[in-house]
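Step one of this worksheet: look at the structure below.
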Amino acid sequence: MVFDAIKKLIVEFNDSDPDAITLETTFKDLGIDSLDTAELLINLEETVGKEIELDEEVTTVGDLVAFVEKKLKE
Amino acid sequence: MLKSKLCQLLGIEYPIIQGGMAHVADGKLAAAVSAGGGLGLIGAGNAPGDWVREQIRVAASLTDKPFGVNIMLLSPFVKEVAQVVAEEKVRVVTTGAGNPSRYMESWKAAGIFVIPVVPSVSMTKLVVRAGADAVIAEGGESGGHVGELTTMVLVPQVCDVAGVPVIAAGGIADGRGLAAAFMLGACAAQIGTRFLSAYECGIHPLYKEKILAATDIATITTGKRLGHPVRSLKSPFSRAFYKAEYSDMSDEDLEAMGVGALALAVREGDWQRGSFLAGQSAGMVKKEQPAAEIIREICEEAEPLLKGAGAWVE
């Protein structure tokens, strides 16, 4: 669920090929830097309806998915 | 006399904050700026906690006015520096390279006024939510690590969402820039490059000489490929770096090429191998002056401009 939401946001964000986005894909490979991540996060909060304080380093899409899933359970 | 809510909040006379330039902004420069009525900053850069503590004490011994520390969040010593500023109860902390949310609680408990540098609207929203007391909207005209947006477009957009005082930075070196910053919605300006020419700035004489000789097109941005572009004076080093960036050199080797280059510029004045960080406003820096005079001059120049702004309206 969270993965699908993040994937959708990334595709909307920079027209990435959805089939090329896996849990192992790094944000660097997607051409997404730290500033883009901040914007993605704000958009993601609107999607999930909850504030997410990103206080960990995320390198891959899977890292972000795991982080958001953890936060949603809190 | 310029009026700004930031002056009231921080207990300073003039709405000018000195940039927290790594390797450049030590306790002596910070104290000179604060004593001159602005807000001086010690640039922690990649320095360890002990050095920061020492500089805080140097500044405190030279002035009883408030001053601050700029913390680079990607520094290997960031945790100990974050603790030092809380222990020393520094009045203001500005932060660069990220979101300082994890340190916010301890800094607030120490009574510190926290001002993160923001390069975008989203980052503004995130740091304000985390408890920032004000933000510095820094455009890509500035020296050192730069964002993509210019001051002209970044400041008003940050003002639209911030809900806390906004300080404009990037490309401001005189009263015209300060007046424009107010017009964009900011309530103060952060100025770095102009203070490189301050008497109290301890950089190598050759560094100062190069700043004073700089023209409008004297700077270059390198390192975009690495994700953290840096603006510096065009020099043998920055030109070589620029060339290497567009060669087949690996990211690791390119990164290694930049290590230590700033220190070589600041301490040795090594024009061949040093990285002489400077903003685009270097071309507007014309003479060496005491920090206090720089501050006064900028504000005295801004005043009539702001008073005269009515001339544009019928």
- Message: Out of the residues in the range A:42-74 meeting the condition of being under 19 Å from A:Gly31 (Cα atoms) and charged (D, E, K, R), tell me which one is nearest to the other protein chains (Cβ to nearest Cβ).
- Response: A:Glu57
- Item | Members of the range A:4-18 that are within 16 Å of A:Leu64 (Cα to Cα) and acidic (Asp, Glu) | A:Asp4
- Message: Among the numbered criteria (1) crowded, with 17+ Cβ neighbours inside 10 Å; (2) over 16 Å from B:Ile211 (Cβ atoms); (3) within 19 Å of the chain's Cα centre (by Cα), which one does B:Glu245 miss?
- Response: (3)
- Note on the structure: Note on the range B:201-255: residues within 22 Å of B:Met72 (Cβ to Cβ) and in a loop (DSSP other than H, G, I, E, B) are B:Cys201, B:Gly202, B:Ile203, B:His204, B:Gly223, B:Gly227, B:His228, B:Pro229
- Of all residues making up the range B:33-62, the number that are within 20 Å of B:His145 (Cβ to Cβ) and of a type in the set (A, V, I, L, M): 5
- For the range B:256-291, the count of residues that are closer than 17 Å to B:Pro229 by Cβ and assigned to a strand (DSSP E or B) equals 1
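Would you confirm whether or not the range B:165-187 contains a residue that is within 14 Å of chain A (Cβ to nearest Cβ) and surrounded by fewer than 18 Cβ atoms within 10 Å (Cβ to Cβ)? Explain how you work it out, then say what you get.
From the range B:165-187, those within 14 Å of chain A (Cβ to nearest Cβ) are none; that's our starting set.
Scanning the range B:165-187 turns up no residue that is within 14 Å of chain A (Cβ to nearest Cβ) and surrounded by fewer than 18 Cβ atoms within 10 Å (Cβ to Cβ).
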- Query: Restricting the search to the range B:114-148, which residues are more than 11 Å from every other protein chain (Cβ to nearest Cβ) and part of a strand (DSSP E or B)?
  - Reply: B:Val114, B:Ile115, B:Pro116, B:Val117, B:Val135, B:Ile136, B:Ala137, B:Glu138, B:Gly144, B:His145
- Query: Among the residues of the range A:3-24, is there at least one that is in contact with a strand residue (DSSP E or B) (Cβ under 7 Å, 6 or more places away or on another chain), at pLDDT 90 or above, within 26 Å of B:Glu148 (Cβ to Cβ) and away from chain B (no Cβ under 14 Å)?
  - Reply: no
- Message: Here is a check on your reading of the model: is B:Asp160 surrounded by 17 or more Cβ atoms within 10 Å (Cβ to Cβ) and at pLDDT 95 or above?
- Response: no
- Message: Tell me whether the range B:26-38 contains one or more residues that are surrounded by fewer than 24 Cβ atoms within 10 Å (Cβ to Cβ), polar (S, T, N, Q) and under 17 Å from the mean Cα position of the chain (by Cα).
- Response: no
- Item | Residues satisfying the stated conditions in the range B:59-111, i.e. of a type in the set (Ser, Thr, Tyr), surrounded by 15 or more Cβ atoms within 10 Å (Cβ to Cβ), away from chain A (no Cβ under 14 Å) and assigned to a helix (DSSP H, G or I) | none
- Task: Filter the range A:25-36 down to the residues that are out of contact with any strand residue (DSSP E or B) (no Cβ under 6 Å at 6 or more places or on another chain) and surrounded by fewer than 16 Cβ atoms within 10 Å (Cβ to Cβ), then identify the one that is farthest from the other protein chains (Cβ to nearest Cβ).
- Result: A:Asp29
- the range A:45-61 - residue that is closer than 18 Å to A:Glu12 by Cα and at pLDDT below 85 and, of those, surrounded by the most Cβ atoms within 10 Å (Cβ to Cβ): A:Val48
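The values are calculated or read from the model by the stated rules, or taken from the named source; none is laboratory data. All figures in this text were calculated on a predicted structure; none of them were measured in a lab. Cβ atoms come from the backbone with ideal geometry, glycine included; neighbour counts cover every protein chain shown.
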